[in-house]
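All remarks here apply to the structure that follows.
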Protein chains: 4
Amino acid sequence: MPSDVFTHPWLGGLFGDDRIAELLSAEASLANMLRVEAAFARAQGTAGAIDKDLAEAAASGIAACEIAPPELFTGTARDGVPVPALVELLKARLPEELHAAIHTGLTSQDVVDTALVLTLVPVLAELQSRLTALIEALEALDHRFGARRLMGRTRMQAALPIVASARIAAWRDPLLRHQTRLEELKPRVLVLQLGGAAGDRAAFGEKGPEISASMAAMLELLDSRGSWHTGRDGIAELAGWLSLVSGTLGKIGQDIALMAQQGIDDITLSGGGGSSAMPHKKNPVQAELLVALARFNAVQLSGLHLALNHEQERSGAAWALEWMLLPQMMMATARTLTVGRELCLSVTRLGH
Amino acid sequence: MPSDVFTHPWLGGLFGDDRIAELLSAEASLANMLRVEAAFARAQGTAGAIDKDLAEAAASGIAACEIAPPELFTGTARDGVPVPALVELLKARLPEELHAAIHTGLTSQDVVDTALVLTLVPVLAELQSRLTALIEALEALDHRFGARRLMGRTRMQAALPIVASARIAAWRDPLLRHQTRLEELKPRVLVLQLGGAAGDRAAFGEKGPEISASMAAMLELLDSRGSWHTGRDGIAELAGWLSLVSGTLGKIGQDIALMAQQGIDDITLSGGGGSSAMPHKKNPVQAELLVALARFNAVQLSGLHLALNHEQERSGAAWALEWMLLPQMMMATARTLTVGRELCLSVTRLGH
Amino acid sequence: MPSDVFTHPWLGGLFGDDRIAELLSAEASLANMLRVEAAFARAQGTAGAIDKDLAEAAASGIAACEIAPPELFTGTARDGVPVPALVELLKARLPEELHAAIHTGLTSQDVVDTALVLTLVPVLAELQSRLTALIEALEALDHRFGARRLMGRTRMQAALPIVASARIAAWRDPLLRHQTRLEELKPRVLVLQLGGAAGDRAAFGEKGPEISASMAAMLELLDSRGSWHTGRDGIAELAGWLSLVSGTLGKIGQDIALMAQQGIDDITLSGGGGSSAMPHKKNPVQAELLVALARFNAVQLSGLHLALNHEQERSGAAWALEWMLLPQMMMATARTLTVGRELCLSVTRLGH
Amino acid sequence: MPSDVFTHPWLGGLFGDDRIAELLSAEASLANMLRVEAAFARAQGTAGAIDKDLAEAAASGIAACEIAPPELFTGTARDGVPVPALVELLKARLPEELHAAIHTGLTSQDVVDTALVLTLVPVLAELQSRLTALIEALEALDHRFGARRLMGRTRMQAALPIVASARIAAWRDPLLRHQTRLEELKPRVLVLQLGGAAGDRAAFGEKGPEISASMAAMLELLDSRGSWHTGRDGIAELAGWLSLVSGTLGKIGQDIALMAQQGIDDITLSGGGGSSAMPHKKNPVQAELLVALARFNAVQLSGLHLALNHEQERSGAAWALEWMLLPQMMMATARTLTVGRELCLSVTRLGH
């Protein structure tokens, strides 16, 4: 059924990433949408926009509501977003006296975008920790083999001998910069979305800043002065970062595939893929995979930059394009970090 | 779990396409791989490369083998393709005397690519029939509203009045050309893949042409002189066609979204999506979806052209990139044709 | 001054193509725009829409008008197209009694698009002839070296020995298909553009078909029932073809760069680029260039598919995007064909 | 002759940018390459790697050498880079006793990349100052019209009324973030390239750090521990920033084109482009241009991420792809900032 390789019954073995798939799952997204709705109800109480007990009752009710992802299927088909159906379900399952405290003043985009950001928090933490693990694996590789010799190759031709350490450093140094970039972009991405119908928080009147601050605190996100309904530069920047990371890994994969050629023999890997026709072969499957994932992300990135064109106060078209592209880029980058590290660990010889 | 929108529990309501998802499913792919293995066994018998009864017994055995997609997960993770694991399973489940007739002389790429082509046959037939249905829906629209007036708009500005028929013709005419293009490309795409280990059919000796012709006949595909292991121009051309189709629909969607603006009011649609914040709204969700899908495919297309660079006799990297991109492009184009037609049928007024 | 590599004072040595640059030059475009204006005047006479002598006088006057490209600079800055300024210049330089026969009923897009098509005629002829020359060069290579041995390599690993002929065939076969594709697409691309202000030929009344047929005959283009102002599928298809061609060459270049590696030594090239630091090096500069040009075109292609979304009766944005991308894709493909052939001719040994 | 729109004799009126074209010109690049060669000679003297007087004489000689860009044409065609030809010319024009101090130890990439960075310094300063000017123009717009009413539009449909200030803020806020991003990326981009033949500074021995520090100081660039020959993440990040900026402007352009529609009438612009067929029209040419430039850059960006795959110690293919794409992205972004500001200044009414 899955049309993507990441969750395909067998291609998932090559491309899949259970941990990230779980964080990006419909179940997790739905739970995050409910967290947003609950936090909003509670924040309205805190800000004095509605009665505090009502707010608390609504928030607890929302948090306890059991909704299955497929219940949102028909509504999403109709409305283009799952939130109207979600709000209907909440109201159908919670007592009528709570309805005034449910979603009133919010808009679909506040819920979907903030839920996305709540998803990004653990995803970025996971990527960050894998990035660190990969850097360590490269440092271990350097420790083991860095003093050996390699023929330096420029423009696909033998240039001058180098030490293996030099090539390993070229693999690692960009990763260190990616760590810095991630820290820099987080405050532009991990931000509460709260705008209301037309993005201007008009429904909240002077309570807006207080509701916003309170919601952000509850959800452990950064607060913002206004909404970023059409300000998608954080998302596009994040996509750029994902592709920078996978691009660095793509270079490592390409290098290793080249080093593993018979006649070059600059590296020996344990494992390696078998062939159905040639039992003697050991294919550098993981190295090739890194190249493929890097190209995949480089291609997707232009779509997320196209999605910067969010016309007027909300674009259904640009927003839908984000949904199509960003999760797969996260899957690809996550996989690339794991595969890159495994590939390092599988090196039994590097250089001469 | 699905990281793609096409099979997502709720986004699938917007993006999904059950019929194409079924044709592209792992189950269908696996059945097609088994058809290829069986046809190969039988063709070897027909060509006299192996004993005819042995060939027939192997073919029947392969066809009757029950394998579940997840059984290929671990092997694919290891080998980068599902075929070595598939062959192991076939041999484990079929008597040893048949083993010589199973897969010997084939390579993974023969199996995976021919199975893909077998998948493309019904997918292209389905797209073709939807294309026809869409053209009919546009003709019906023309019949109903073609004589009405619209303000022609160029560069987003009122130009001169036109008849609605003129705009509808601009929507339909490219679709007619896409019908022609599809007929032209089919003989370059619906072609048997048979090359063996290094793509040169060396293992078949002089029996090559006969085996190939026989396999092609059994599978109702076009035969070819040699393999197209690295000749991916047919795949890239098909991807271009998919994006041409969705691009045409994207223009229709953009036009309809513009026509539906209050103040322009050139069209009235029944249905339309609801808003969680503004009960008065009717959003042109399907029109926006067409724009998003067109951009999605335009972006993916460059990846399939990058995958033309299939180095030497087989590139694991370029091939994997195809797997990541082509199924989703088919899903997107299929969806676009259905949504385009539904949108036409939902028009209750066009022009003045 | 040039910001593109194709006409850069020194990078032009690597990327440039004098013949195509001349065909795409502003001078040639301007001459083609004047041809369109003259043919339109004459066709109106032929069709009896205006007095035949007046038509002839206007056509001759237009054809004889000397206009320098920079004279259109300011007008293009203001209007977004060069045609209003061009028409002003024509009227300023030709007697007032001819003015009624100049451009009346045409629109800018008719002139610019038909001039583009007139440019495409010799460009496609040139590409076609280079494609043939390249195929011949590959056949000569096959003749000289086809019987030698190469190690077949799949997934960057030694597979089984093949004859060089097999690899050369994998380079050539897609080119043969590209020849067929070009013939198929020409009737969809080499088509007169004639629509008038809103694309519906309203200004021509019942004379439309006659004017159109007459113009098409004079310009040796295909006639069409209506305009293709927003039907850009022919342009996008052409771009796809350009990228298919350069993609095939990219694979050839990648293979040759891999074959030329020390340790692999499957090919010897005469010439090759020198290094400023390492006098011993001979870099496979042309092979790398083919890889770069293939990627360049694969990337641009998605822009031309985005430009299919030509909203309403004319999109200034989508049209401008075509202008930015298509000429460079033609330059890249043209260059790739020349470099590919030179590379074949520079082979002094292939295989063992 | 120019195949790019930026320097085309008439399209340059629409797309061109004299100031940036000058900074990116071949003359400026050549001057920067000479600055790099001179600084290297001098730095070797400072570091005691060669005699200080010799170093000074060589540096002065290099700086005074008059070389015309076309003199590098033939060498670039042969070598794939201009530097070997440049070094030959320098040696031919300077006395033989200086030759040992010219380029020895450097490699082509050190010269070309550092010259690029020297070009980026004034380009980024120019973009930064235009960004500031654009932000001021938006603030002025807010000051003049911010209190007026607009119909907020979501998903292309009227939502709820907003103040104009809200929409203007959505245009401006991402620009403020782009200012921050530029400051953050500069230290990763404005960095000396010094690696020598294989990128490891081997030729400099222990003098490496001193030569590098001295060169960086002379050229007012950041020093780095090693080379970034294959560490192109700074370039790709810069490209992402360029596309973020043009993407934000694309949204502004799209909004203004939508606001200027008859029937919506949310904005009035002075000027506007004329039509060759319809004298009554005033086309929002600049708004459309912003949309086109944004899409252009979004498309190019994926090419610069593909160019992250710089195999081994130097990739001729990936590097050439950078040369093809980055200058045009800079031109596009520069133009977008100017046009965006002019568009703001041309607003005579916004809102109701």
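The values are calculated or read from the model by the stated rules, or taken from the named source; none is laboratory data. Everything numeric in this text was worked out from a predicted model, so none of it was measured. We place every Cβ from the backbone using ideal geometry, glycine too, and count neighbours over all the protein chains shown.
The number of residues in the range D:246-278 being free of Cβ contacts under 8 Å to residues at least 40 places away in the same chain, within 11 Å of chain A (Cβ to nearest Cβ) and outside any helix (DSSP H, G or I) comes to 1. The single condition among (1) away from chain A (no Cβ under 14 Å); (2) of a type in the set (A, V, I, L, M); (3) touching a helix residue (DSSP H, G or I) at 6+ places or on another chain (Cβ under 9 Å) that B:Ala125 does not satisfy is (3).
Go through the range A:292-312 and give me each residue that's more than 7 Å from chain D (Cβ to nearest Cβ) and small (Gly, Ala, Ser). Of everything in the range A:292-312, those that are more than 7 Å from chain D (Cβ to nearest Cβ) and small (Gly, Ala, Ser) turn out to be A:Ala292, A:Gly303, A:Ala307.
Looking only at residues of the range C:98-118 that are part of a helix (DSSP H, G or I) and out of contact with any helix residue (DSSP H, G or I) (no Cβ under 6 Å at 6 or more places or on another chain), we find that the one that is surrounded by the most Cβ atoms within 10 Å (Cβ to Cβ) is C:Asp110.
Can you tell me which condition A:His8 does not meet? The list is (1) buried (at least 20 other Cβ atoms within 10 Å of the Cβ); (2) over 16 Å from A:Gln328 (Cα atoms); (3) touching a Pro at 6+ places or on another chain (Cβ under 9 Å); (4) within 14 Å of another protein chain (Cβ to nearest Cβ), and all the others hold. The one condition A:His8 does not meet is (2).
Of all the listed residues (D:Ile168, D:Ile162, D:Ile135), the sole one being assigned to a helix (DSSP H, G or I) and buried (at least 21 other Cβ atoms within 10 Å of the Cβ) is D:Ile168.
If you scan the range B:229-243, which residues turn out to be in a helix (DSSP H, G or I), more than 7 Å from chain C (Cβ to nearest Cβ) and under 17 Å from B:Trp319 (Cβ atoms)? Across the range B:229-243, the qualifying residues are B:Gly234, B:Ile235, B:Leu238, B:Ala239. Scan the range A:15-28 and give yes if some residue there is among the hydroxyl-bearing types (Ser, Thr, Tyr), under 30 Å from B:Met331 (Cβ atoms), at the interface with chain B (Cβ under 10 Å from one of its Cβ atoms) and crowded, with 21+ Cβ neighbours inside 10 Å, otherwise no. No, the range A:15-28 has no match at all. Residues being facing another protein chain (nearest Cβ under 7 Å), more than 18 Å from C:Ala125 (Cβ to Cβ) and in a helix (DSSP H, G or I): count how many of those fall in the range C:313-339. Of the residues in the range C:313-339, 7 are facing another protein chain (nearest Cβ under 7 Å), more than 18 Å from C:Ala125 (Cβ to Cβ) and in a helix (DSSP H, G or I).
Is the range D:141-153 home to any residue that is surrounded by fewer than 18 Cβ atoms within 10 Å (Cβ to Cβ) and part of a helix (DSSP H, G or I)? Yes, the range D:141-153 has at least one match. Across the range B:245-278, the number of residues qualifying as of a type in the set (Gly, Ala, Ser) and surrounded by fewer than 20 Cβ atoms within 10 Å (Cβ to Cβ) comes to 3.
Which condition number does B:Met218 fail, the rest of (1) in contact (Cβ under 8 Å) with a residue 24 or more places away in the chain; (2) crowded, with 19+ Cβ neighbours inside 10 Å; (3) in a helix (DSSP H, G or I) being met? All conditions are met except number (2). Candidates in the range D:340-352 are the residues that are under 20 Å from D:Gly250 (Cβ atoms) and touching a residue at least 60 places away in the same chain (Cβ under 8 Å); of these, the one that is farthest from the other protein chains (Cβ to nearest Cβ) is D:Cys344.
For beta carbons closer than 8 Å, sequence separation of 6+ or different chains, a first residue in the range A:20-46 that is without any contact (Cβ under 8 Å) to a residue 40 or more places away in the chain and a second that is hydroxyl-bearing (Ser, Thr, Tyr), the qualifying pairs are A:Ala38/A:Ser60. Close Cβ contacts (under 6 Å, 6 or more residues apart or on different chains) running from residues in the range D:139-155 that are free of Cβ contacts under 8 Å to residues at least 40 places away in the same chain to residues that are of a type in the set (Lys, Arg) and outside any loop (DSSP other than H, G, I, E, B) comprise D:Thr154/A:Arg314; D:Arg155/A:Arg314. If only residues of the range A:307-349 that are surrounded by fewer than 23 Cβ atoms within 10 Å (Cβ to Cβ) and of a type in the set (A, V, I, L, M) are counted, the one that is nearest to A:Ala115 (Cα to Cα) is A:Leu345.
On the basis of being facing chain B (nearest Cβ under 10 Å) and not in a loop (DSSP other than H, G, I, E, B), does A:Leu72 make the cut? So A:Leu72 fits the description; yes. Tell me whether the range C:279-291 contains one or more residues that are in contact (Cβ under 8 Å) with a residue 12 or more places away in the chain, within 8 Å of another protein chain (Cβ to nearest Cβ), crowded, with 24+ Cβ neighbours inside 10 Å and under 27 Å from D:Gly253 (Cβ atoms). No; the residues of the range C:279-291 include none that is in contact (Cβ under 8 Å) with a residue 12 or more places away in the chain, within 8 Å of another protein chain (Cβ to nearest Cβ), crowded, with 24+ Cβ neighbours inside 10 Å and under 27 Å from D:Gly253 (Cβ atoms).
Restricting the range D:171-199 to residues that are part of a helix (DSSP H, G or I) and touching a residue at least 60 places away in the same chain (Cβ under 8 Å), the residue that is surrounded by the fewest Cβ atoms within 10 Å (Cβ to Cβ) is D:Lys186.
Here is the figure for the range D:292-326: residues that are closer than 15 Å to B:Ala298 by Cβ and either in contact with a strand residue (DSSP E or B) (Cβ under 7 Å, 6 or more places away or on another chain) or of a type in the set (A, V, I, L, M) (or both) total 5. Of everything in the range A:164-186, what is within 9 Å of chain D (Cβ to nearest Cβ) and over 16 Å from D:Arg225 (Cα atoms)? Give them in sequence order. Correct list: A:His178, A:Thr180, A:Arg181, A:Glu184, A:Leu185.
Among the residues of the range A:156-169, those that are touching a residue at least 12 places away in the same chain (Cβ under 8 Å) and of a type in the set (A, V, I, L, M) comprise A:Ile162, A:Val163, A:Ala164, A:Ala166, A:Ile168, A:Ala169.
Yes/no per residue for (1) in contact with a helix residue (DSSP H, G or I) (Cβ under 8 Å, 6 or more places away or on another chain); (2) over 30 Å from B:Leu293 (Cβ atoms):
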{"residue": "B:Asp18", "(1), (2)": "no, no"}
{"residue": "B:Ala28", "(1), (2)": "yes, no"}
{"residue": "B:Phe40", "(1), (2)": "yes, yes"}
{"residue": "B:Asp53", "(1), (2)": "yes, yes"}
{"residue": "B:Pro69", "(1), (2)": "yes, no"}
{"residue": "B:Glu96", "(1), (2)": "no, yes"}
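To keep it simple, each residue is scored yes or no on (1) closer than 30 Å to B:Glu311 by Cβ; (2) modelled with pLDDT of 95 or more; (3) over 20 Å from the mean Cα position of the chain (by Cα).
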| residue | (1), (2), (3) |
| --- | --- |
| B:Phe145 | no, yes, yes |
| B:Leu150 | no, yes, yes |
| B:Val163 | no, yes, yes |
| B:Ile168 | no, yes, yes |
| B:Arg181 | yes, yes, no |
| B:Leu192 | yes, yes, no |
| B:Gly208 | yes, yes, yes |
| B:Ala217 | no, yes, yes |
| B:Glu220 | no, yes, no |
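Within the range C:1-26, the set of residues being of a type outside the set (Val, Ile, Thr), under 15 Å from D:His8 (Cβ atoms) and out of contact with any Lys or Arg (no Cβ under 9 Å at 6 or more places or on another chain) comprises C:Met1, C:Pro2, C:Ser3, C:Asp4, C:His8, C:Ala21, C:Glu22, C:Leu23, C:Leu24, C:Ser25, C:Ala26.
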